[in-house]
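One structure below.
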Amino acid sequence: MARKKHLVNKKAKKKRIGKCKFCPCNQYELLDLHRINEGDSGYGYTDANTIVVCANCHRIRTHNRFTEKD
């Protein structure tokens, strides 16, 4: 039997982190969760596979204009 992935509570993670990973934006309404590995690869919205980003950085990240730095 396959193990079920535990999906992250998006609202709770945005509140817990509170700011964009790439810029100082901390407006809750502008924050979103971005999957590090896209869903086509079988990766969902799990805690380890998501980062909190603002709408602008999410748009840039989606268009591959920069790479993630830890």
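The values are calculated or read from the model by the stated rules, or taken from the named source; none is laboratory data. Everything numeric in this text was worked out from a predicted model, so none of it was measured. Quick note on the areas: whole protein, heavy atoms, side chains included, nothing else; ligands and nucleic acids left out. Shrake-Rupley method; radii C 1.70, N 1.55, O 1.52, S 1.80 Å.
Computed with every protein chain present, the accessible area of Glu29 is close to 150 Å² [probe 1.4 Å].
Here Lys15 sits with roughly 150 square angstrom of accessible surface, probe radius 1.4 Å. The H on the amide N of Thr50, modeled in the peptide plane, is under 5 Å from the matching H of Ile36, each at least 5 residues off or on a different chain.
Compared with the alpha-carbon gap, the fully stretched path from Asp47 to Thr62 is longer by 3.5 nm at 0.36 nm per residue.
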